[in-house]
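Take a look at the structure below.
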Amino acid sequence: MQRKINFSSSITALFLLANFLCQPFSTFSQIKGLDLWLDQEMPKVIDRHRAFVSLPNDAHFPEDMVKNAEWLKQEFEQRGLKVDILEAGPVPVVLAEKKVDAALPTVLFYFHYDGQPVAPSKWDQKHPFTPVLKMKNEEEQWEIIDWSKIEEDFDPDWRIFGRAAADDKGPISMMLTAFDFINTHDLPLAFNVKILFDGEEEKGSDGLLSTLDQYKTKYAADKLIIMDGPAHPSNRPTLTFGCRGIASGTLTVYGPKVPQHSGHFGNYAPNPVFRMSHLLASMKSEDGKVIIKGFYDNIKLDKGTRAILAAVPDNAGMINNRIGIAKPESVGQNYQESLQYPSLNVRGMSSAWIGRQTRTIVPDKAVAQIGIRLVPETDGDHLLDLLREHIKDQGYYLIDREPTEEERLEHEKIATFVGSKWVNAFRTEIESSTGQWLTSALEGTFNSPPVNIRIMGGTVPVTPLIEALGVPAVIVPMVNMDNNQHSPNENLRLGNLRTGIKTCLAILTTAIPNP
């Protein structure tokens, strides 16, 4: 059954709220009426989030990003934070700060305020930057409902659809509301706060990373919390203690120097598609394990680590059903274990033409885009080198450019591989002081332990920030897993919006124990 709150008939609730607001507060643990306050404030919170999501935020259009930066500056200044807009190329970095006591530690919160590009025709609404409120009808289809309904009812399963509604404007709205509650009730922050807003995360965070030398002192902190990504599918409060990195490259295998007529040269000119297929198949076993020599070196999961991974409340059947597979690959004993190993992926392939442009030819080349997800025990350069050595071991003359005429005539099998920049993985131990502090904050607020994820599969591009600052980092994901992140019809579940506000409050008002 869906839980609904009727605002229009809450005479008793208003009386209780008035009494609640008169009570003194000193720490978060003493607040008994938070849910009552949220009952009354959610319409305002949702309306503000709607306005925020209405601001286009594709970082390919810097003029739009400047408007978002100015919105952030205005909103956080209204809540008593000092805000600076820092030059970082065409898209600025925004830094908000609230100093409490020089003797207290400082926590840096990271958000990004850009979103993925949009293809309006793929969305089931007027425009991705015209957010809509939706509910599921009896046929389990999403249908638009009027925004005025939030003045009367609150259904946690209603959703706001719009680009960046979840990734990453949702967490920003949660933090804003947490500061509203703190200021309304004159609550003390438990530490000094810095909030960093990255305007180009979806493009690789080049602007922010270019400022590390210049603004390293401004960003300095004792701990870093990354407010991005989806919570566990159960929507329970979640802590993620690391993320995989990524390395990539382009692999090209060659046939004739130009496409040849398949009637005249089939059975004579080697087809690069078949050569590519044999080469790729040599890299993984049929059950999905990478068989490149040394690829899994240094990965060791002891009994304690396996217990941590098994404790995550995943449902293999639900995962398989959601992504539409009968059986997963056999790298790990379960989903969480599979994320502890580096992965080898073919992100895309191309050769010749298909569809109406299909031609009866032997193609001149086949191209595969390769992606390698890294874990803390691995290094991007090392795994790319292992891949290169494997290609050579399959008999290929390997270069990093187009082959010359002479090379084509001299070498039977030719391939090129061009690697691109890579981002390291990171991981903070769950039992570290940072992990214990955050676990205590969430457990004290929600009366149950959070879901602790040792490492997530995705990559955040700010690992260089973590390395430059030399601080422990933890990801606090708060939006719903099924938010269609990076895809059409991105959405934020209202129940996650509400839980995320409480999560931000829990962290901001929980003291950090002395090391």
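Using only the Cα atoms of the stretch 34-171, build the gyration tensor, take square roots of its eigenvalues as a ≥ b ≥ c, and label the shape rounded, prolate or oblate: rounded if a/c is under 1.5, else prolate if a/b is larger than b/c, else oblate. Because a/c hits 1.5 or more and a/b fails to exceed b/c, the stretch 34-171 counts as oblate.
In the stretch 273-418, the convex hull through the Cα atoms has an average projected area of 11.5 nm², a quarter of its surface area. Using a simple spin-label model with pseudo-atoms 7 Å out from Cα toward Cβ, residue 367 and residue 334 lie 4.2 nm apart.
Just to confirm a number: summing +1 for Lys and Arg and -1 for Asp and Glu over residues other than residue 40 whose beta-carbon lies under 12 angstrom from that of residue 40, what do you get? Its environment carries a net charge of -4.
Between residue 60 and residue 349, what length in nm is gained on full extension when 0.36 nm per residue of separation is reduced by their alpha carbon distance?
Working: separation 289, 0.36 × 289 = 104.04 nm, distance 2.60 nm.
Between residue 60 and residue 349, full extension yields an extra 101.4 nm.
Please tell me the relative contact order of the chain in percent, rounded to the nearest whole number, where contacts are Cα pairs under 8 Å and at least six residues apart. This gives 24 percent for the chain.
Rounded, prolate or oblate, given the Cα gyration tensor of the stretch 297-343, with a/c below 1.5 counting as rounded? Before the final figure, lay out each step's value.
Details: a/c = 3.16, a/b = 1.53, b/c = 2.06.
Verdict is oblate for the stretch 297-343.
Other residues lying with their Cβ under 14 Å from the Cβ of residue 282 contribute a combined charge of +4, Lys and Arg counting +1, Asp and Glu -1.
Classified by the C-alpha gyration tensor, the stretch 147-194 has an oblate form. Its axis ratio a/c, with a ≥ b ≥ c, is 1.5 or above, and a/b does not exceed b/c. Set Lys and Arg Cβ to +1 and Asp and Glu Cβ to -1, take the dipole of the chain about its Cα centre, and tell me which of 72, 438, 255 lies farthest positive. It is 255. As a length-normalised measure over Cα pairs under 8 Å and 6 or more apart, the relative contact order of the stretch 65-215 settles at 36 percent.
Computed over neighbours whose Cβ is under 12 Å from that of residue 368, the net charge equals +3, Lys and Arg +1, Asp and Glu -1. Beta bridges from DSSP with both residues in the stretch 92-227: antiparallel share about 50 percent, rounded to the nearest 5.
Rounded to the nearest 20 debye, the dipole size of the chain about its Cα centre is 600 debye, using +1 on the Cβ of Lys and Arg and -1 on the Cβ of Asp and Glu.
Rounded to the nearest whole Hz, the Karplus-based 3J(HN,Hα) values (6.51 cos²θ - 1.76 cosθ + 1.60, θ = phi - 60°) of the stretch 42-59 follow the sequence 4, x, 5, 4, 5, 5, 5, 5, 4, 5, 5, 5, 6, 7, x, 9, 7, 5, with x at glycine and proline. Residues whose amide H comes within less than 5 Å of that of residue 365, counting only those at least five positions distant or on another chain, are 255, 352 (H built at 1.01 Å from N in the peptide plane).
With a 10 Å radius around each residue's Cβ, average the other Cβ atoms per peptide and rank 51-62, 280-291, highest first.
Details: 51-62: 19.1, 280-291: 14.4.
So the peptides 51-62, 280-291, ranked by packing, come out 51-62, 280-291.
For the listed residue pairs 67/421; 99/216; 73/203; 73/421; 73/136; 169/327, the alpha carbons are over 24 angstrom apart in 67/421; 73/421; 73/136; 169/327. 3J(HN,Hα) along the stretch 424-437, derived from phi through the Karplus expression 6.51 cos²θ - 1.76 cosθ + 1.60 where θ = phi - 60°, amounts to 5, 7, 9, 7, 10, 5, 4, 8, 5, 4, 5, x, 5, 4 Hz, with x in place of Gly and Pro. Pairwise Cα separations in the stretch 374-515 fall into 5 Å bins from 0 onward with the following percentages, short to long: 2, 8, 12, 13, 14, 12, 10, 7, 7, 5, 5, 3, 2, 1, 0.
Can you give the helix-only mean residue ellipticity at 222 nm for the chain, where every DSSP H stretch with n ≥ 4 adds -39500 (n - 2.57) and the sum goes over all residues, rounded to the nearest 500 deg cm²/dmol?
Values: 16 runs with 166 residues, N = 515.
Roughly -9500 deg cm²/dmol at 222 nm, from the helical runs in the chain.
Residues whose amide H lies under 5 Å from that of residue 145, counting only those 5 or more places away or on a different chain, are 133, 134, 135; hydrogens are built 1.01 Å from N in the peptide plane.
For residue 153, nonlocal amide neighbours, meaning residues 5 or more places apart or on other chains whose placed amide H falls under 5 Å from its own, are 7. Normalised radius of gyration (Cα atoms, divided by 2.2 N^0.38 Å) for the chain: 1.09. Ranked by the mean number of other Cβ atoms within 10 Å of their residues, highest first, the peptides 470-481, 159-170 come out as 159-170, 470-481. Between the C-alpha center of the stretch 407-458 and that of the stretch 237-263 there is a gap of 20 Å. Relative to its Kirkwood radius, the Cα radius of gyration of the stretch 457-515 gives an Rg/Rh of 1.05.
Computed from backbone phi with θ = phi - 60° and the Karplus coefficients 6.51, -1.76 and 1.60, the 3J(HN,Hα) list for the stretch 333-348 is 6, 7, 4, 4, 5, 5, 7, 7, 10, x, 10, 10, 9, 9, 7, x Hz; x is used for glycine and proline. Net charge dipole, the stretch 370-515: roughly 1000 debye, given to the nearest 20, about the Cα centre with Cβ charges of +1 for Lys and Arg and -1 for Asp and Glu.
One Cα centroid belongs to the stretch 319-336, the other to the stretch 180-230; the line between them spans 35 Å. Calculated FRET efficiency, residue 104 to residue 206, Cβ-Cβ distance, R0 = 30 Å: about 0.35 to the nearest 0.05.
Read-outs: derived from the displayed coordinates by stated rules, not from any lab. All of these numbers come straight from a predicted model, not from anything done at the bench. Please note: Cβ atoms are built from the backbone with ideal geometry, for glycine as well, and neighbour counts cover all protein chains shown.
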